[in-house]
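For reference, the structure discussed in these notes is given below.
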Amino acid sequence: MVDLPNSMSVSQELDFLYITYKNWTDKKVQSVFAQNTCEQTEASECHKTNKSVRIPVVYLNSEDLPEMINGKRGDPIEDHPFDRTFTGENIMKSFLAIKPSIKRSYASTPRTSLR
C-alpha cells in the first residue's frame, strides 16, 4: 500500500503558495493598470470644458496578461510574481511539509513503475 499524505496538508500547502502568488499578482495588476492609465490619459484629449471632465476608458487586455502573471523580461525578481513564488526552494519546502519523512532530495528519488 502506498503511503499517501493527508489531503488537508496538501491543500494547506498549495493554498499558502497560491495566496502568496495572488498577493504579488494583485500588486502587479495594479501596477500595469496604473501604467495603462497614464499612457491612455496622455494619449487622450482630456480637458475640462463647461465644468465637465472627459475621462478616458482604461482597460486591461490580453497583451497585459503575461506581464501581470510574471512581469517583463529584464525586470528584477520582485516584479515576477510567478517566478518569485514557485521557486525550487518553495516547492521543495511545501513538498517536505506534506511528506516530512523524506530526507533526501526529490531529484535523487528513484522512479518506480506503475505496472
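The values are calculated or read from the model by the stated rules, or taken from the named source; none is laboratory data. What you see is a predicted model; the values in this text were computed from it and never measured. Areas reflect the complete protein model, heavy atoms only, side chains present, ligands, DNA and RNA absent. Shrake-Rupley method; radii C 1.70, N 1.55, O 1.52, S 1.80 Å.
Values as computed for the structure displayed
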| item | result |
| --- | --- |
| Per-residue SASA entry for residue 16, accessible area with 1.4 Å probe, Å² rounded to 10 | 130 Å² |
| Cross-link pairs beyond the 19 Å C-alpha cut-off, checked among 22/99; 27/93; 27/72 | 22/99; 27/93 |
